[in-house]
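What follows is one structure encoded as structure tokens, with my remarks underneath.
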Amino acid sequence: DTNKGSEGAFVDAVVDDAALERYGAFFDAARNLVNCSIGEPLLHTRLKEVLDLLERRGKFLEMSTNGLSLTPRAAGLLAGRKIFLYVSLDAATAATYARIRNERFDRIVEQLKALAALRKERGGWPKLHMVFMPMKVNRGDLAEYFRLGRDLDADYLVLRPLNALVGQTLVADRGGYHFDYQREFLTQEEQREVFLEARRCSRETGVPLLCNFPDDCGSDI
């Protein structure tokens, strides 16, 4: 809610298929569209209309989801579309996921398995990127996360850094764990260990690794 409020006068702006078409030549010339809005895109009331428009116009879409709303209907809408789908789980077990978010890990994994089956039937789209933000709470989950990505036939596993929270706090007791966002950041040495482990796990599982860290996952290693 705090982040949404930062949109100020634009907080009620509607972004749908009609809004995209109003961009005119700017939209016409675009090849890739990236959804970087605040919120869950799979809950958009005109998701089908937006996706149909992009398909008609030959556009590629990049979007992120937490996976909770990846219902059979949503999976059916995504399957076969030219979409680069980023799924943010950040955990490989139900116990770790409960410490970070909630108790719905198993449900999300089942939904991802259903999507994986649909992807095989419809040309391998959307391309699945499994996102993992390394932090203290999930430090021991990385190898298992790669194995989960392999089981889901993920196209990539993405390492992504935590963003610094300015003027905000995120503290909660979840899953028997005291989660304090500001204390979850790894040291440089711990990050280096993660990079080395990720490269090894990528080779062992065959799941390609993408890194969004500014130093390109320790390119000097």
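The values are calculated or read from the model by the stated rules, or taken from the named source; none is laboratory data. Because the structure is predicted, anything quoted here is derived from the model rather than measured. Here Cβ is always computed from backbone atoms with ideal geometry, including for glycine, and neighbour counts include all displayed protein chains. Ligands, DNA and RNA are stripped out before the accessible areas are found, and what is left, the full protein with its side chains, is counted by its heavy atoms. Shrake-Rupley method; radii C 1.70, N 1.55, O 1.52, S 1.80 Å.
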Selection count, the stretch 27-48, where residues are part of a helix (DSSP H, G or I), open to solvent by less than 70 Å² (accessible area, probe 1.4 Å) and farther than 17 Å from GLY67 by Cα: 1
In the stretch 33-50, the residues that are within 11 Å of LEU20 (Cβ to Cβ) and among the aliphatic types (A, V, I, L, M): LEU33, VAL50
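Quick check, is TYR156 open to solvent by less than 80 Å² (accessible area, probe 1.4 Å), in contact (Cβ under 8 Å) with a residue 24 or more places away in the chain and either over 18 Å from ARG101 (Cβ atoms) or touching a Lys or Arg at 6+ places or on another chain (Cβ under 9 Å) (or both)?
no
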Among the residues listed as LEU20, LEU54, LEU61, the single one being touching a strand residue (DSSP E or B) at 6+ places or on another chain (Cβ under 7 Å), farther than 24 Å from THR169 by Cα and part of a helix (DSSP H, G or I): LEU54
Subset of the stretch 173-206 [more than 30 Å from ALA116 (Cα to Cα), exposed (fewer than 14 other Cβ atoms within 10 Å of the Cβ) and not charged (D, E, K, R)]: GLY176, HIS178, GLN182, THR187, GLN188
Close pairs from the stretch 1-17: first at negative phi and touching a residue at least 12 places away in the same chain (Cβ under 8 Å), partner part of a helix (DSSP H, G or I) and surrounded by 10 or more Cβ atoms within 10 Å (Cβ to Cβ), Cβ under 7 Å, at least 6 apart: ASP16/GLU49; ASP16/VAL50; ASP17/GLU49; ASP17/VAL50; ASP17/LEU53
